[in-house]
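Here is the structure we will look at.
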Amino acid sequence: MTSLAGVLGRKIAIRPQERTNWTVVANMWGIVVGRPGVLKSPAIEATLAPLKRLIAKATEQYGAAYEDYKLNQAVAKVRAEVAEKTARKQLEKDSSADLSAVLAVDKVDEPLLKRYTANDTSPASLGELLRQNQNGLLVYRDELVSLLKGLDREDQAEGRGFYLSGWAGDRP
């Protein structure tokens, strides 16, 4: 259920009260508890297997998009060079010529890798991942105790605030 919630992300919201417009984007929190040696990690890995297939597919798509990006970037560079030469020729003929149309070259945006999970990230890097993946992510930690002890440190006030404000899926 937690893996599925990570895929659905912010796409689903609930309205707890029938006659109001109060809307909550719920987040799923999951934890596996057991004594050492009861095979918690293999059980978690098995539940993450479908998600890992989505990750592999997204990585493959990103690879193809990145190859297209590199080609389009090279084309844009050549077009910019030609546009600059054309603009220089027009300026030689007319020093007050409007060159905005000539120099307007489409910018090529670098593709972003669609992420489904994040593991052992700092609040700053997790914030950047969430900015790039606005549907949300499944944040996976193998050891909950290490996360909680780390957040308990005095210098981790930013991290505590980040996790506390990020409990709901409708916060920026």
| note | Rounded to two decimals, the Rg over Rh value of the range 1-80 from Cα coordinates and the Kirkwood Rh reads 1.23
| message | Could you derive backbone 3J(HN,Hα) for the range 82-98 from the dihedral phi with the Karplus parameters 6.51, -1.76 and 1.60 (θ = phi - 60°), listing whole Hz in sequence and x where the residue is Gly or Pro? | response | 5, 5, 5, 5, 4, 5, 4, 5, 5, 5, 5, 7, 9, 5, 9, 5, 7
| Alpha-carbon spread of the range 39-114, three principal axes, descending order, Å | 77, 17, 13
| request: Sequence neighbours fewer than 8 away in the same chain don't count; with that in mind, list the aspartates and glutamates whose C-alpha is under 16 Å from LYS89. | output: GLU81, ASP98
| said: Restricting the calculation to Cα positions, tell me the Rg (one decimal) and the Dmax (whole number) of the chain in Å. | reply: 24.0, 82
| VAL139's amide H: which non-local residues (gap 5+, or another chain) put their own amide H closer than 5 Å, with H modeled 1.01 Å from N in plane and none for Pro or chain starts? | ALA118
| the chain: most fluctuating residue of SER41, SER146, SER100 per GNM, C-alpha cutoff 10 Å | SER100
| task | Quick one: dipole size for the chain, taken about the Cα centre, charges +1 on Lys/Arg Cβ and -1 on Asp/Glu Cβ, in debye to the nearest 20. | result | 500
| request: Would you list, by chain and number, the lysines whose Cα falls below 22 Å from the Cα of LYS52, excluding same-chain residues fewer than 8 positions away? | output: LYS11, LYS40, LYS114
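Read-outs throughout are calculated quantities, based only on the coordinates presented, and are distinct from any laboratory measurement. Worth saying up front: this structure is predicted, and the values here are computed from it rather than measured. Every residue, glycine among them, receives a Cβ derived from its backbone with ideal geometry; neighbour counts consider all protein chains shown.
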